[in-house]
Amino acid sequence: MEHYGQLFIDGAWVEPVRPGRRELIDPATESPFATVATGGGAEDVDKAVAAARRAFESYSMTTPGERIELLDRIISAYEQHIDEIANVMAQEVGIPISARAQATGPIGHMKVARDLLKTYSFETQLAETIIRREPIGVCALVSPWNWPVQTPTIKAIYGLAAGCSVVLKPSDASPVSAVLLARVFEMAGVPKGVFNLVIGKGSIVGQALSEHPDVDMISFTGSTRAGIKVGEAAANSVKRVSLELGGKSANIVLQDADLEQAARWNVQRCFFNAGQSCHAPSRMLVHESHIDRVIPHLIDEASRHRLGDPRNPNTTMGPVVNQAQFESIQRYIQIGIEEGARLICGGLGRPVGLQQGYFTQPTVFVDVAPDMTIAKEEIFGPVLVVIPYSTEEEALKIANDSPYGLGGYVFGRDRKKGYEFASRLRAGRVSFNGAATNSVTPMGGYKQSGVGRSMGVLGLEEYLEVKSVYGFEEEASVLPRFGSRLS
């Protein structure tokens, strides 16, 4: 059994200050498959932040061209490890290897960040003043387990593209995926101290990073509850905080929509990654007269999922991440039944034929009232609730009556009406008729779904400070471009 016992600090693999190890459990077999260090603590954070601070002094002065070359090397190194990364995510988190987007997706994001450096203006002229955008400094990156490679990759790659140095703290549930990512950065020759990895508990490592006075910015993805704690801890040092938090996204199916298309897409998107997605359309709003017509499509599409070993290429849905998540989902299903929602497929317990592993039945409830627990709280599992509405104005009100505002979805034939609904949804990302998102546009949430944006131009600017420089209006054209090395 392999032991992942080291942290990556200042360009080297080092032992944590405090020894310790814990077992990692394969969610498909409920058996241990590796051990990982548990000793990461405040002392290790201090070392990593100090290394990042030293590295920032020189790395922040690199040119965009030099950073493009670095990102190209990271992309090349990553491409050599795709299969290994896919297999580790299957064993560690239960993500099917058939879900190739989890393994290949980071490449597209890295290329977008790289290409952005070719055109982005770090210096602009405004009212006879030079506006400079400069790297903010040392950035702490706290990433989740449901996208164990893509999310930390996006955070790290945009930080490096901006000229920042970073310290990554992965989820306790997906440390091996982060170790592989660190090896990719090491293989690419990232300058020592520019990328650092500290594994440990969120209550210790995450807390230390959040309140560290030498951390200039913290980017966190996770639950709203944890995000609030990050914001509170960061407040005393007045650092920038970027948060992507929970969601309870609604899909409004307008009366003129193609019901079968809407139903099948909703099930596919909601149950992707075993429903462990903050953007999942877990609330489907359907006109009350269409409920009976949409049910057969929902049941049929849910039945198409092939549950099993995530390492089997035929599997489309693996287990949920761990026992605690499994028990939480089961509790929500029980609550839905007790509150009177109508269960049309799935339900309590494991799927037939799967007596081992944290497998959850793809579950759909209809006749769900907006005030039911399963309609209000994020379940983070393969559970879809269908809420009837009587008027489209009521549907919009139900959709927006949530503390969350991460994703939104609208289905309908009338594009003008669809756009009007999309414009009125209080959410950071809205798709019409299942339109795919992309890597060049910003991602983030309204309300308790977060603060700030990731990806694309706005994602890069999360890692940049803005400075106005006066008195050089005539000489601006001959000044050295931002990022050139000082002599």
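Could you list all residues from the stretch 153-188 that are out of contact with any helix residue (DSSP H, G or I) (no Cβ under 6 Å at 6 or more places or on another chain) and either of a type outside the set (A, V, I, L, M, F, W, C) or part of a loop (DSSP other than H, G, I, E, B) (or both)?
Lys155, Gly159, Gly163, Cys164, Ser171, Asp172, Ala173, Pro175, Arg183, Glu186
Scan the stretch 119-137 and give yes if some residue there is part of a helix (DSSP H, G or I) and surrounded by fewer than 21 Cβ atoms within 10 Å (Cβ to Cβ), otherwise no. Don't jump to the end; show me each part of the working.
Just the residues of the stretch 119-137 that are part of a helix (DSSP H, G or I), to begin with: 119.
Remaining after also requiring surrounded by fewer than 21 Cβ atoms within 10 Å (Cβ to Cβ): 119.
Checking the stretch 119-137: at least one residue is part of a helix (DSSP H, G or I) and surrounded by fewer than 21 Cβ atoms within 10 Å (Cβ to Cβ).
So, in the stretch 249-299, of the ones that are free of Cβ contacts under 8 Å to residues at least 40 places away in the same chain and of a type in the set (Lys, Arg), which residue ends up surrounded by the most Cβ atoms within 10 Å (Cβ to Cβ)?
Applying the filter and picking the extreme gives Arg264.
Checking Leu116 against (1) at pLDDT 95 or above; (2) more than 22 Å from the chain's Cα centre (by Cα); (3) farther than 22 Å from Pro319 by Cβ, only one condition comes out false. Which one?
(2)
Would it be correct to say that Lys376 is in the same structural domain as Arg342 (by TED's automatic domain parsing), under 21 Å from Leu245 (Cβ atoms) and of a type in the set (Lys, Arg)? Break it down stepwise before answering.
Working: in the same structural domain as Arg342 (by TED's automatic domain parsing): yes; under 21 Å from Leu245 (Cβ atoms): yes; of a type in the set (Lys, Arg): yes.
It is true that Lys376 is in the same structural domain as Arg342 (by TED's automatic domain parsing), under 21 Å from Leu245 (Cβ atoms) and of a type in the set (Lys, Arg).
Checking the conditions here, which among Pro351, Pro382, Pro362 is more than 27 Å from the chain's Cα centre (by Cα) and closer than 21 Å to Glu301 by Cα?
Values: Pro382 fails: more than 27 Å from the chain's Cα centre (by Cα); Pro362 fails: more than 27 Å from the chain's Cα centre (by Cα).
Selected residue: Pro351, the only one of Pro351, Pro382, Pro362 that is more than 27 Å from the chain's Cα centre (by Cα) and closer than 21 Å to Glu301 by Cα.
Quick one: how many residues across the stretch 162-177 are hydrophobic (A, V, I, L, M, F, W, C), under 26 Å from Leu117 (Cβ atoms) and in contact (Cβ under 8 Å) with a residue 40 or more places away in the chain? Please lay out each step first, then the result.
Quick first cut of the stretch 162-177, residues hydrophobic (A, V, I, L, M, F, W, C) only: 162, 164, 166-168, 173, 176.
From what is left, the residues that are under 26 Å from Leu117 (Cβ atoms) are 162, 164, 166-168.
The next check asks that each one be in contact (Cβ under 8 Å) with a residue 40 or more places away in the chain; those that pass are 162, 164, 166-167.
Here the count works out to 4.
Taking the criterion of being within 27 Å of Met372 (Cα to Cα), among the small types (Gly, Ala, Ser) and in contact with a strand residue (DSSP E or B) (Cβ under 9 Å, 6 or more places away or on another chain), would at least one residue in the stretch 294-310 satisfy it?
yes
The values are calculated or read from the model by the stated rules, or taken from the named source; none is laboratory data. Quantities reported herein were computed from a predicted structural model and do not represent experimental measurements. Please note: Cβ atoms are built from the backbone with ideal geometry, for glycine as well, and neighbour counts cover all protein chains shown.
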